[in-house]
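Visitor: Please see the structure below; I have some questions.
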Amino acid sequence: MMSNSERIALFDEWARNYDPSGAGANAFPFAGYDQVLNEIVDCARPIRSLSILDLGTGTGNLASLFAGSTREVWGIDFSSEMLAKSKAILPNCHFVQADLLGQWPEVLNRRFDRIVSAYVFHEFDIPTKVELLRRLKNDYLVDHGRMIIGDIAFPSQQIFDSAREIFAQLWDPDEYYWIADNAVDILSSMGMTVAYKQVSVCGGVFVIDT
């Protein structure tokens, strides 16, 4: 298991040529990447009055889909190199360097209409996923707001197990891909209204209303 400093260094290195949308249509784990991002945007129902917070914004692929159609877009990421690329292509958005699981800067002590994320939560085990979503709901989301999470995910344990065999050579045992029905049950028990849509063979989108 990599330390946090090692992970930051890795993502800083990836920033040089990071582009998951360049993966082949059937490539694991990013098969359907563009479709997942588009589904996130559709589920967010962007209008001019909305404020958006993009978690793990990376090089701005998701944030760019909201820029210009919403009042303001904020992105948070722990990689300075990723954020440098985001700032270069999206100068009118707001970007903050911080670890999602750590203490956030004062500038983010506010609430957002939509909190979105693409291909980030698989870095965290299910208790950490749940705790982060609870924190976001309680501290950063407006009343009756919406969180939309797109990620590497499978609808059930059976399909998860089958995919692990099919993609064995590419499967990362140190990452925590979603099992959707399990996650929906846990989040629903916390008072969240959760819907899940499978978008590709290994990508899905969770819509969480509060």
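The values are calculated or read from the model by the stated rules, or taken from the named source; none is laboratory data. Bear in mind that the values here come from a model prediction, so they are computed numbers and not experimental data. Ideal geometry is used to build each Cβ from the backbone, glycine not excepted, and the neighbour counts take in all protein chains shown. All accessible areas refer to the heavy atoms of the entire protein, side chains included, with ligands and DNA or RNA removed. Shrake-Rupley method; radii C 1.70, N 1.55, O 1.52, S 1.80 Å.
Visitor: Taking the conditions exactly as written (basic (Lys, Arg), at pLDDT below 95 and out of contact with any Pro (no Cβ under 7 Å at 6 or more places or on another chain)), does ARG111 satisfy them or not?
Guide: Criteria not met by ARG111.
Visitor: Can you pull out every residue in the range 144-171 that is under 20 Å from the mean Cα position of the chain (by Cα) and without any contact (Cβ under 8 Å) to a residue 24 or more places away in the chain?
Guide: PHE160
Visitor: Report, by residue number, each residue of the range 146-161 that is part of a strand (DSSP E or B) and touching a Phe, Trp or Tyr at 6+ places or on another chain (Cβ under 9 Å).
Guide: Listed by number, the residues that qualify are MET147, ILE148, ILE149, GLY150, ASP151, ILE152, ALA153, PHE154.
Visitor: Could you check the range 197-209 and list, in sequence order, the residues that are under 13 Å from ILE148 (Cα atoms) and free of Cβ contacts under 8 Å to residues at least 60 places away in the same chain?
Guide: PHE206 - this is the single residue of the range 197-209 that is under 13 Å from ILE148 (Cα atoms) and free of Cβ contacts under 8 Å to residues at least 60 places away in the same chain.
Visitor: Is it the case that the range 146-161 has a residue that's among the basic types (Lys, Arg) and open to solvent by 40 Å² or more (accessible area, probe 1.4 Å)?
Guide: The answer is no, given that none of the residues of the range 146-161 is among the basic types (Lys, Arg) and open to solvent by 40 Å² or more (accessible area, probe 1.4 Å).
Visitor: Run down VAL184, VAL194 and say which single residue is modelled with pLDDT of 95 or more, in a strand (DSSP E or B) and not acidic (Asp, Glu).
Guide: VAL194
Visitor: ASP54 fails exactly one of the following numbered conditions: (1) part of a helix (DSSP H, G or I); (2) in contact (Cβ under 8 Å) with a residue 60 or more places away in the chain; (3) within 18 Å of PRO20 (Cβ to Cβ). What is the number of that condition?
Guide: (1)
Visitor: Taking the range 42-84 only, how many residues are open to solvent by less than 20 Å² (accessible area, probe 1.4 Å), modelled with pLDDT of 95 or more and of a type in the set (A, V, I, L, M)?
Guide: Adding up the residues that qualify gives 10.
Visitor: Every residue in the range 185-196 that is open to solvent by 30 Å² or more (accessible area, probe 1.4 Å) and either touching a residue at least 12 places away in the same chain (Cβ under 8 Å) or farther than 14 Å from SER156 by Cα (or both), please.
Guide: Passing the criteria: ILE186, SER188, SER189, MET190, GLY191, THR193, ALA195, TYR196.
Visitor: Restricting attention to the range 131-139, does a residue exist that is of a type in the set (A, V, I, L, M) and farther than 28 Å from GLN35 by Cβ?
Guide: Among the residues of the range 131-139, not one is of a type in the set (A, V, I, L, M) and farther than 28 Å from GLN35 by Cβ, which makes the answer no.
Visitor: So which residues in the range 86-145 are in a helix (DSSP H, G or I) and basic (Lys, Arg)?
Guide: LYS87, LYS129, ARG134, ARG135, LYS137
Visitor: For the subset of the range 102-124 comprising residues that are farther than 29 Å from PRO29 by Cα and among the basic types (Lys, Arg), which member is surrounded by the most Cβ atoms within 10 Å (Cβ to Cβ)?
Guide: The qualifying residue surrounded by the most Cβ atoms within 10 Å (Cβ to Cβ) is ARG111.
Visitor: Does the range 125-145 hold any residues that are open to solvent by less than 50 Å² (accessible area, probe 1.4 Å) and of a type in the set (A, V, I, L, M), and which are they?
Guide: Residues satisfying the conditions are VAL130, LEU132, LEU133, LEU136, LEU141, VAL142.
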